[in-house]
Every structure is written in structure tokens, then in C-alpha cells.
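One structure below.
The values are calculated or read from the model by the stated rules, or taken from the named source; none is laboratory data. Just so you know, these numbers come straight off a predicted model, no measurement behind them. All Cβ positions, even for glycine, are placed from backbone atoms using ideal geometry, and neighbour counts span all protein chains on display. When the accessible area is computed, the model is the full protein with side chains, heavy atoms only, and any ligands, DNA or RNA have been set aside. Shrake-Rupley method; radii C 1.70, N 1.55, O 1.52, S 1.80 Å.
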Amino acid sequence: MVRFSNRRLTATLICFLLLWLFLAVGFSSTASAADLTGRWLHEENTADGNTTQIVLVFQQTGSQLTGKIIFSWGELKISNGSTDGKTFHFDLMTPADDKNPAKYQGSIQGDELQISSRWPGNNNTEYTARRTSNDMGEPPARIEPPALHPVPYNGLAATPPMGWNSWNHFEGKVSDAVVREIADTMASNGMRDAGYVYINIDDTWEGKRDEAGNIRPNNKFPDLKALADYVHSKGMKLGIYSSPGPKTCGGYEGSYGHEEQDARTYAQWGIDYLKYDWCSAGRIYRNTDLQAVYQKMGDALHATGRPIVYRLCEYGMDDPWKWGPSVGANLWRTTGDITDHWSALDYTGFAQSDLAPFAAPGHWNDPDMLEVGNGGMTDDEYRTHMSLWALLAAPLLAGNDVRTMSAATREILLNREVIAIDQDPAGHQAKRISKQGDVEVWARPLSDGSLAVGLFNRGPADADVTVRWSDLGVSKTSDVRDLWTHTTIEGVRDSYARKVPRHGVVMIKIQTPRVVSK
Ligand code: GLA
């Protein structure tokens, strides 16, 4: 009996031991599968032959999730992250919106994550990421940029460059065929003759480098030299895009470590304009390196001997208006990316007044490309866009599909009187003269002694706006030319008042002493 009990006890103990072992092994394997700590890679092949990558770097402590997401253009820290072992979620504060974070959530399936992300103003994006090595996404070693020295002025952009850029409308869908058709259209619809001569290919043209390190276009651009020849044959010029980082903002090949070689290639192709976009350079360099890094490409372009307009695109970090000319730049972005919404235009355009002293022939502040005609704003808002950019002596780079634009869009882009303000040879930039609530008056002195003035209404309802001659330093009776209705009112004394539609503008030229315009 006792013996039997002992045997039973032993058997029971062995059963418990086995159960414990089973549970322990099972539990620990579930726990390790659910531990998100480490790196996860999402790769995507685009139709043009490029592969873009996103690396998620996670540190899991209990249910708390910290870490960062590495994009081709830079990295963002995650916040509010947590996981229950099966699912996870976190937020990302994005550069475009400091109030609304991007929202990420997902599920864990062994060594694979199913992720759903939603950026402010965008639809959900679904993707998969797989476990990857611990160095994935790390930038290459830093190449020390040369010491600072002045790069000679290239003699270009005596007035703000005008033309077209592919990004705002086409993004990754730009191609050789699109560029040819845009050139054909602009050569025949009056745009080229009005001054819009630069046809600029933005990001996503880049392919892989050949064995000698020469950059090659991807399959959307079979022959860039032939394309440049074509655009030149239309009496226009061709622009291109790159980054001082290893990758562009779209995740394509950048110029890092190949600056001189790329500049030579652009010159061989017959390129006339380079937009050089910071993007992933921010993962290697600090903001205090911006000037030296941009100087490197300035030197490289200068060394080619070809006149190439040089446009910096670093979103206004470290005040490029103070050092842009000394790195050989003709223009520099002063802001983050514009979008086709009134709030973006309002935020960007009206914040430029303090930069007026830095604009001059050959060297321009650039509040980003035009959105006129892209469909996200009313025609009144687009007239405000065009008028403000002209007053700011900003580059006028149309960003719409000019092949199919409406008559109203065409009329806005082709308003010769407004273009003439933008292109005034004195190159002074407008300043804000007065502000009362949503109503603002901006003025730009012109080379003939007259003044271009914008009466703006940033508010949600129509408003009466008055501009007083005394505020402008005008003492005499003047003629007022309305640059949108193309009419002149002669002999206006002391002030001028108009009703201005919501988000709209009345743009005038004040000619004094009295000159009768016909
Ligand atoms: C950045 C620039 C944009 C555009 C994109 C392309 O966001 O600011 O103007 O060039 O990159 O990827």
C-alpha cells in the first residue's frame, strides 16, 4: 500500500515536472516571439526599378515600446508606444504637423509585422516588415566636407527663375514622355514666351550607379542627354534633382560621395538647373555642417564650367539666406514643403516678410513651388498664391499638369502684369506694411519708382481693405493699376479701398508721380 502510494506519488511528481517543463518552454517561446526589441525591415519595389526601405527600430520594456522609424529622408522617434504581445501601436510626430501625430498600429506574427499607418491628411497605408540585422538602416560613415571658402557666383538667375517642376502634381509618375509633353505644351501655350523656361525633373528619376560609380537614370528616363537636347530644341532648359545624402527624400540614389562625378554627369547631359535636397544628409551631418556640405556641390557645379542654376532645398534650417550666396547658390528654400491647401499657403507665404533684405539679383528666397491649378484651392486662393509669390520675388515654378489646365489656371499663371512684378530687375522683395486682424497690405518697390502692392484678406469672409498712401511713403496723387482686372484708375488721392474676397487679393501698382497707363 505504502509502496503503491510512493509509486503513485512519484508518477504524479513526474507528471507535474513534465507539465511544468512543457508550460515553461511553451511560455518562454511565446514571450520571445512577442518581444519586439530589434530591427524590422519593410522593402518595396517600385515599377521604375527602385527599392525603398523603412526600418523600424524597437525597444520593448514590459508592455512599453520605444524606438524610432528610419525613412529614406531621416528618422522619427516613436511616442506613446505599447504592446500586449500580439498587437502594438505608437505615434510619430511628423515634421509636417506638430499637433497631429501619425498613428501606427499592427500585429505580430512570429518574425513578421503587419503594420497599418495613417499620416495626418492621408489614407491608411498597410505594409509588412520582417526581422532584420541590427545594423540595417545605419547611415554610411561621415565624409568630412572641405573647409569653408567662397564659391564664385555663376552669373545666373538675375531675376527669379521661372519654369515648371514635376513634384507637386506628378511625384513618382514623372517620365521622359511627361517631360516632353510638358515642354511641347509650354512652348506653345504662351508659358515659355512669358518666361517659364526651366522644365525641372524632381525626385524619382534616379537609377543605380554603374561600375564606375556614374549615376544612371531609371527606366522612366531612357536617355537624359536626348531629353535635354529635346527640351533645348524647344527653346527651354532642363533641371534635375539630387541630395547630398546617400538617399533622396523619395528613397532614390543621392549624390553622397559622388558630388563631383554627378555634377560632371549633369553637365554632360546638358542640365541647366539643380535642386539639391537635404533629405538623408541629416542622418550623417548636423545643421552646423549645412553650409560646408552645400558648398561641396557648389564647387562641383562651378568646376564643370557649365552654367547650372543651383537651388538649395534644406527647408530653411540654419538660415540659408545668410550663407546661400557664398556656397554658389542662386536660391534657397525658406520653408518646409508646400501642399495644395489654403492652410499651407497661408502659413508659408505670409511668414516671409523678415527675409526681404536677403533677396537680390542672382540670389533668391524660395518659399517653394506653385500649387496653382492642382485643385486643392479656389481660384481666389490661387490668385493670392501667384500675387504673393510675385511680390516676394519668389521663383515661379508651376507645379500643375499644364497639359490639361483650365482657362482660369492658365490666366493666373500667364498674368503678364503680375509676372512683370516678380521679374522686376531691381529684385527687391516685398515687406508687410500693415496688418489688422486677417487683413494685410504688402508692398514691393519697383525699378521704375512705382510700387507693387497686395491687399490681402486671409480671413474666412469678404473684407474691406484700405491702403493709405502715408503708410507707403507716397505723398502724391497717383494712378492705380489693378493687375488682375487690367484697369487703371487715374488720380487717386491719399488712399485706396476695396472689398477683397475671403482668402483673396487685390493686387495693384501705384504709379507716382502720375503716369497715365494705357
Ligand atoms: C522633399 C522636397 C520636395 C520634393 C520631395 C521629393 O520633400 O522638399 O520639394 O523634392 O522631397 O522627394
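If you take every residue apart from Gly207 with its C-beta less than 10 Å away from the C-beta of Gly207, what net charge results, scoring Lys and Arg +1 and Asp and Glu -1?
On the way: positive: Lys208, Arg209, Arg216, Lys220; negative: Asp48, Glu206, Asp210, Glu253.
That works out to 0.
Quantify how much of the Cα-Cα distance distribution of the chain extends past 28 Å, in percent. All intermediate terms of the calculation are to be shown ahead of the outcome.
Working: 81212 of 133903 pairs.
That fraction is 61 percent.
Given the convex hull over the Cα atoms of region 210-260, what projected area results after averaging over all orientations, in nm²? Can you show the working numbers first?
Working: hull surface 17.6 nm².
Averaging across all directions leaves 4.4 nm² for the Cα convex hull.
Find which of Ala356, Pro395, Ala407 sits farthest along the positive direction of the dipole of region 354-417, computed with +1 on the beta-carbon of Lys and Arg, -1 on that of Asp and Glu, about the Cα centre.
Ala407
Out of the total accessible area of the chain (probe 1.4 Å, heavy atoms of protein only), what percent is carbon and sulfur?
Roughly 53 percent, rounded to a whole number.
Would you work out which of Phe90, Ala157, Thr335 lies farthest towards the positive end of the dipole of the chain, given +1 charges on the beta-carbon of Lys and Arg and -1 on that of Asp and Glu, about the Cα centre?
Phe90
What 222 nm value per residue comes from the helices of the chain, counting each DSSP H run with n ≥ 4 as -39,500 (n - 2.57) and dividing by all residues, nearest 500 deg cm²/dmol? Present the calculation step by step, with values, prior to reporting the outcome.
On the way: 13 runs with 133 residues, N = 518.
So the helix-based figure for the chain works out to -7500 deg cm²/dmol.
Please give the contour-minus-distance gain from Ser82 to Ser475: 0.36 nm per residue of separation, less the Cα-Cα distance, rounded to one decimal in nm. Show your work: numbers first, answer last.
Details: separation 393, 0.36 × 393 = 141.48 nm, distance 6.65 nm.
In short, 134.8 nm is gained.
Give the calculated FRET efficiency between Asp464 and Asp354 to the nearest 0.05, with a Förster radius of 22 Å applied to their Cβ-Cβ distance.
Values: r = 27 Å, r/R0 = 1.25.
Here the calculated transfer efficiency is 0.20.
Given a cut-off of under 8 Å on Cα pairs at least six residues apart, what relative contact order in percent is computed for the chain?
Reported as a whole number, the value is 10 percent.
Alpha carbon centre of region 125-140 versus region 386-443: separation in Å?
Between the Cα centres of region 125-140 and region 386-443 lies a distance of 44 Å.
For a protection proxy built on the mean count of beta-carbon atoms within 10 angstrom, sort 458-464, 38-44, 368-374 highest first, please. Spell out each step's value before the answer.
Working: 458-464: 14.1, 38-44: 17.6, 368-374: 24.4.
Top to bottom by mean Cβ count within 10 Å: 368-374, 38-44, 458-464.
Of the peptides 317-326, 446-455, how do they stack up when ordered by the mean number of other Cβ atoms within 10 Å, highest first? The partial results should precede the final answer.
Details: 317-326: 17.7, 446-455: 19.8.
Going from most to least packed, we get 446-455, 317-326.
Stretch Ala426-His89 to full length: gain in nm at 0.36 nm per residue minus the Cα-Cα span?
Details: separation 337, 0.36 × 337 = 121.32 nm, distance 5.48 nm.
Result for the pair: 115.8 nm of gain on full extension.
For a 23 Å ceiling on Cα separation, which of these pairs sit above it: Lys173/Lys237; Lys296/Lys431; Lys322/Lys435; Lys68/Lys99? Intermediate values should be presented prior to the final figure.
Numbers: Lys173/Lys237 20 Å; Lys296/Lys431 33 Å; Lys322/Lys435 27 Å; Lys68/Lys99 19 Å.
Cα-Cα > 23 Å for Lys296/Lys431; Lys322/Lys435; rest within.
Rounded to the nearest 0.05, what FRET efficiency do Gln64 and Glu211 have when you use their Cβ-Cβ distance and R0 = 41 Å?
Details: r = 47 Å, r/R0 = 1.16.
The value I calculate is 0.30.
Which value in nm describes the separation of the simple spin-label points at Arg286 and Glu112, placed 7 Å from the Cα toward the beta carbon?
4.3
Mind checking the dipole of region 294-386: about its Cα centre, +1 per Lys or Arg Cβ, -1 per Asp or Glu Cβ, Debye to the nearest 20? Don't skip to the end; give the middle numbers.
On the way: 6 positive and 14 negative charges, 118 e Å.
That gives a dipole near 560 debye.
Could you please state, rounded to a whole Å, how far the C-alpha centre of region 323-350 is from the C-alpha centre of region 351-380?
Rounded to whole Å, the Cα centres lie 7 Å apart.
Between beta-carbons, use under 13 Å as the cut-off and find the net charge around Arg502, counting Lys and Arg +1, Asp and Glu -1.
-4
Net charge around Ile308, counting only other residues with Cβ within less than 12 Å of its Cβ (Lys, Arg = +1; Asp, Glu = -1)?
Once all neighbours under 12 Å are counted, the net charge is +3.
Along the Cα-to-Cβ line of Arg403, 7 Å from the Cα, sits a label point; which residues in region 143-175 have backbone N less than 17 Å from it?
164-175
Put a dot 7 Å past each Cα toward the Cβ at Ala497 and Arg131; how far apart are the dots in nm?
The answer from the label model is 7.5 nm.
Keeping all protein chains in place, calculate the accessible area per residue for the chain (probe 1.4 angstrom), answer in Å².
Numbers: 23110 Å² over 518 residues.
I get 45 Å² per residue for the chain.
Nothing charged except the Cβ atoms of Lys and Arg (+1) and of Asp and Glu (-1): what's the magnitude of the dipole of the chain about its Cα centre? Round to the nearest 20 debye.
Result for the chain is approximately 780 debye, rounded to the nearest 20.
Please compute the length gained on full extension between Asp319 and Ala226, using 0.36 nm multiplied by the number of residues separating them and subtracting their Cα-Cα distance.
Full extension from Asp319 to Ala226 adds 29.7 nm.
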